[in-house]
Amino acid sequence: MCLLAAGCSGGQETARRPSARPPSTATSSAASPSPSPSAAAKPAKYTQAELASRPCLALDQHDLAALGITGPGKRESGKHGPACAWNVAGQNVSLALDLPESYAKIMTKNGRITQVPVGQHEAIQAEFQRICFIFVAVHDVDHLVGSTTIPDPGEPQDTTCPAGASVAAAALTHIR
C-alpha cells in the first residue's frame, strides 16, 4: 500500500480555475469577451468530497462519449458510501471516490498486484478472479479513488482493467 502514496505527488494541478460562468446572452454588450472554445472544453472541477457524495458527476457528457458509454451512470450504495456504475464495452465499472486504505488492502490482498499509470497519477491495480480493482491516492491514502471492474459473462478478461483505469482517469480530471 505504500505505493499509493506515490500517487499523491504526481501531476496535481495547483492552479484553481474560476467557477464556471453562465453562457453570454444576446443582451450582452459587444465588448464582453465570449468564452473561448478551449475554455468551454475544460472539465468541471469539484472537490473529492463533493464527487464522493455525488459520484455520477465524475464523468461528464464528454467523458461518456469518449468512453463509448451510452447511458447515465447508476448510483449504488455501498459500505463505504455511494458509487456510480457504468457499462464500458461489456465491462461493468463501479467508481467510488472516498475509499479507506484498509478497504484497498483487503481487496488487493490475494490479487496479482501491479502499479499502473492512471491519468497523471500512479495507481495500484489488483486482478483477482476476473475482477479488477484500481486504487488511486489523489490527495492522501485515507481517501482513495477506486474502480471495480467486472466483465459481462463471455466478455474478454484482457479489457477489464483498462476499462476501470479509463473511468478512473476521466474522473480524476474533475477533481480539484
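The values are calculated or read from the model by the stated rules, or taken from the named source; none is laboratory data. As the structure is a prediction and not an experimental result, all values here were calculated from the model. Note that each Cβ is placed from the backbone with ideal geometry, even for glycine, and that neighbours are counted across all protein chains shown. For the accessible areas, the whole protein counts, side chains as well, though only heavy atoms, and no ligand, DNA or RNA atoms are used. Shrake-Rupley method; radii C 1.70, N 1.55, O 1.52, S 1.80 Å.
Hey, does the range 124-135 have a residue that's touching a Gly at 6+ places or on another chain (Cβ under 8 Å) and free of Cβ contacts under 8 Å to residues at least 24 places away in the same chain? Yes.
Going residue by residue through the range 36-59, is there one that turns out to be at pLDDT below 90, closer than 30 Å to Pro156 by Cβ and either in contact with a Pro (Cβ under 7 Å, 6 or more places away or on another chain) or of a type outside the set (Asp, Glu) (or both)? Scanning the range 36-59 turns up at least one residue that is at pLDDT below 90, closer than 30 Å to Pro156 by Cβ and either in contact with a Pro (Cβ under 7 Å, 6 or more places away or on another chain) or of a type outside the set (Asp, Glu) (or both). Within the range 87-119, the residues that satisfy the criterion of being in a helix (DSSP H, G or I) and among the aliphatic types (A, V, I, L, M) are Ala104, Ile106, Met107. If you go through the range 119-146 and keep only what is open to solvent by less than 20 Å² (accessible area, probe 1.4 Å) and either closer than 18 Å to Pro55 by Cα or of a type in the set (Phe, Trp, Tyr) (or both), you end up with Phe133, Ile134, Phe135, Val136, Ala137, Val138, Leu144, Val145, Gly146.
Does Gly119 fit the bill of being at positive phi, within 15 Å of the chain's Cα centre (by Cα) and in contact (Cβ under 8 Å) with a residue 12 or more places away in the chain? In short, yes.
For the range 151-176, the set of residues classified as outside any loop (DSSP other than H, G, I, E, B) and in contact with a Pro (Cβ under 7 Å, 6 or more places away or on another chain) consists of Gln157, Thr160, listed by residue number. Selection over the range 43-79 of residues that are farther than 16 Å from Arg176 by Cα and buried (at least 16 other Cβ atoms within 10 Å of the Cβ) gives a count of 6. Scanning the range 105-118 for residues that are open to solvent by 30 Å² or more (accessible area, probe 1.4 Å) and at pLDDT below 90 gives a single hit, Asn110. Contact map, the range 58-81: residues that are closer than 19 Å to Leu99 by Cα paired with residues that are open to solvent by 50 Å² or more (accessible area, probe 1.4 Å) and assigned to a helix (DSSP H, G or I), Cβ distance under 7 Å, separation 6+ or inter-chain. Pairs shown: His80/Tyr103.
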